Amino acid sequence: MKEIIVIGGGLAGCEAALQIAKRKISVKLYEMKPVKFSEAHSNKNLAEIVCSNSFKSNLITNACGLLKEELRMLGSELIPIADKVKVPARTSFSC
Ligand SMILES: Cc1cc2nc3c(=O)[nH]c(=O)nc-3n(C[C@H](O)[C@H](O)[C@H](O)COP(=O)(O)OP(=O)(O)OC[C@H]3O[C@@H](n4cnc5c(N)ncnc54)[C@H](O)[C@@H]3O)c2cc1C
């Protein structure tokens, strides 16, 4: 049986693992936390947003907003969760 291994449960690894599972392909996600932390990470959970907890602007007139809109259009699993839990921060998109 085909199985894909994803190393690292950050935003990219979690999105990748969910996309693989959505396509009914067996996937194993390996995350080193909480056994070992990088210098940038402090939260023991998966999909940690490092630093300010902000995904920045949702405006598609800038690169951050455009990237997120492209992810929504491509069926991202994580961006809709972030959309649900966002809090107002002027043009920023924080969760
Ligand atoms: C100081 C700092 C501040 C930042 N501030 C922001 C911000 O305010 N807003 C923003 O949008 N972005 C910010 N970023 C960028 C953001 O953190 C990254 O874009 C995002 O986390 C990248 O996600 P990723 O999944 O690619 O990598 P990461 O989040 O780094 O995830 C990699 C995961 O892999 C795990 N891992 C690594 N090696 C192994 C291994 N050998 N085995 C198992 N697991 C492993 C790690 O523990 C981690 O969980 C910041 C980054 C830094 C360094």
(message) Exactly one condition in (1) in contact with a helix residue (DSSP H, G or I) (Cβ under 7 Å, 6 or more places away or on another chain); (2) part of a strand (DSSP E or B); (3) closer than 26 Å to Met1 by Cβ is false for Phe55; which is it?
(response) (3)
(message) Within the range 31-42, does at least one residue satisfy the condition of being within 9 Å of the ligand (Cβ to nearest atom) and assigned by TED's automatic domain parsing to the domain that holds Pro88?
(response) no
(request) For the range 58-77, enumerate the residues that are surrounded by 12 or more Cβ atoms within 10 Å (Cβ to Cβ) and in a loop (DSSP other than H, G, I, E, B). (result) Asn58, Leu59, Ile60, Asn62, Ser76, Glu77
(request) Quick one: in the range 8-30, of everything that is under 16 Å from the mean Cα position of the chain (by Cα) and assigned to a loop (DSSP other than H, G, I, E, B), which residue is farthest from the ligand (Cβ to nearest atom)? (result) Gly9
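The values are calculated or read from the model by the stated rules, or taken from the named source; none is laboratory data. In this text the structure is predicted, and so the values were computed from the model without any measurement. FYI the Cβ positions are ideal-geometry reconstructions off the backbone, even for glycines, and counts take in every protein chain you see.
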